[in-house]
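Note sheet for the following structure.
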Amino acid sequence: MSKPAFLFPGQGAQTVGMGRVLVESTPQAKAIFERANQIVGYDLLQICLEGPAEKLDSTVYSQPALFVTSMAAVKWLKANKPEVVDGCTAAAGLSLGEYTALAFAGVMSFEDGLRVVQERGRAMQDASDAVPSGMVSILGLDADKIEKLCQEARAECEVLQIANYLCPGNIVVSGHKGACATIADLATKAGAMKTIPLAVAGAFHTRLMEPAVERLRKALVGVKLNKPRMPVISNVDAEPHDDPEKIRELLVKQVVSPVRWEDSLRKMLSHGHGPFWEVGPGRVLRGLLKRIDRKAESDGVEC
């Protein structure tokens, strides 16, 4: 029995030109960008379509841009493959994508979701600007080995920890700039296939994002949250939650907690969900899914 599930991408999936196919082919997708422009107070669609890349890649713009593009992709799916949207049985989103998943599942309105995401992007950018920090993807080592390397690479008072458990052999660490450089070298010597410094503003999903926590909490205080109309898997504990106040609490916690993406996908697979649809730009989430279960069916929306 088919149990379609949606996966929504996070920061890093953005690319100049995203949204063009959606707005040119689907009036509902164009309308959602026009509504977004009014909410954020600038021409978000123009930044998506024309960049420049340096602007689109900044946390302040990339988070709202990805949220809106993914929601526009839902509109495209609804117009072109309504049975997929109507039949969707679960959703999950990587970091920022969790907000898109929750908006899709009716937990928050599009307008409220975008306002919160806009403040989240600003708060995370400000926290990143306060401390030189970053993230490094490490390919080919297991989590236990990377934990030990984090301990070895950290200087006194430095932060360095696993930030994203993406799939077997693909783990992202996050922390102070110096510690990130050290672990990249140590991981290579320990047999990692590759280490990739990520083009992000700072050490997301660590305590270096603590300055963003209170701002995010305040942004969420006035937002009405509803029970989800389908399971939405939390990044923090890889479990679905029905209680709106628990969801609110976890969204605040998420910004300083590791993303348990592999566990989230395994949870969905164990409950028989599939095929999976990557609803938003890129193919990264489908690639991670295949590393977890090669037989899992997946598709995507051209953005």
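Taking (1) within 18 Å of G282 (Cα to Cα); (2) part of a helix (DSSP H, G or I) in turn, S95 satisfies each apart from (2).
For every residue, the table says whether it meets (1) within 24 Å of the chain's Cα centre (by Cα); (2) not hydrophobic (A, V, I, L, M, F, W, C).
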site	(1), (2)
A130	yes, no
L139	yes, no
A143	yes, no
E147	yes, yes
C150	yes, no
C157	no, no
V172	yes, no
G178	no, yes
K189	no, yes
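Here A296 meets each of (1) over 13 Å from the mean Cα position of the chain (by Cα); (2) part of a helix (DSSP H, G or I); (3) small (G, A, S) with one exception, condition (2).
Among the residues of the range 18-30, which ones are open to solvent by 50 Å² or more (accessible area, probe 1.4 Å) and closer than 15 Å to F110 by Cβ?
In the first step, residues of the range 18-30 are kept if they are open to solvent by 50 Å² or more (accessible area, probe 1.4 Å); the result is 20-21, 24-25, 27-28, 30.
Hits for the range 18-30 are Q28, K30.
For A192, the stated conditions do not hold, so it cannot be described as open to solvent by 10 Å² or more (accessible area, probe 1.4 Å), free of Cβ contacts under 8 Å to residues at least 24 places away in the same chain, outside any strand (DSSP E or B) and aliphatic (A, V, I, L, M).
Which members of the range 50-92 meet the condition of being in a helix (DSSP H, G or I), more than 22 Å from Q125 (Cβ to Cβ), in contact (Cβ under 8 Å) with a residue 24 or more places away in the chain and open to solvent by 10 Å² or more (accessible area, probe 1.4 Å)?
Step one: filter the range 50-92 for residues in a helix (DSSP H, G or I), giving 50, 53-57, 59-80, 82-86.
Retained after the next criterion (residues that are more than 22 Å from Q125 (Cβ to Cβ)): 72-80, 82-86.
Then drop every residue that is not in contact (Cβ under 8 Å) with a residue 24 or more places away in the chain, which leaves 72-80, 84.
Selection gives V74, K75, W76, K78, A79, N80, V84.
The set of residues from the range 99-127 being open to solvent by less than 10 Å² (accessible area, probe 1.4 Å) and farther than 14 Å from V223 by Cβ comprises T100, A101, A105, G121, A123, M124, A127. Determine, yes or no, whether E152 is open to solvent by 70 Å² or more (accessible area, probe 1.4 Å) and of a type outside the set (S, T, Y). Yes. Across the range 142-168, what is the number of residues that are closer than 17 Å to E262 by Cα, in a loop (DSSP other than H, G, I, E, B) and either of a type in the set (K, R) or out of contact with any helix residue (DSSP H, G or I) (no Cβ under 7 Å at 6 or more places or on another chain) (or both)? Residues flagged as closer than 17 Å to E262 by Cα, in a loop (DSSP other than H, G, I, E, B) and either of a type in the set (K, R) or out of contact with any helix residue (DSSP H, G or I) (no Cβ under 7 Å at 6 or more places or on another chain) (or both) within the range 142-168 amount to 1. Selection of the range 251-266 for residues being open to solvent by less than 10 Å² (accessible area, probe 1.4 Å), closer than 23 Å to C167 by Cβ and assigned to a helix (DSSP H, G or I) yields Q254, W261, S264, L265. Among the residues making up the range 212-236, those that are assigned to a loop (DSSP other than H, G, I, E, B), at pLDDT 95 or above and open to solvent by 30 Å² or more (accessible area, probe 1.4 Å) are K224, N226, K227, R229, P231.
The values are calculated or read from the model by the stated rules, or taken from the named source; none is laboratory data. From a predicted model like this one, the values you see are computed outputs, not experimental measurements. Please note: Cβ atoms are built from the backbone with ideal geometry, for glycine as well, and neighbour counts cover all protein chains shown. Remember, those area values only see protein heavy atoms, side chains included, never the ligands or the DNA or RNA. Shrake-Rupley method; radii C 1.70, N 1.55, O 1.52, S 1.80 Å.
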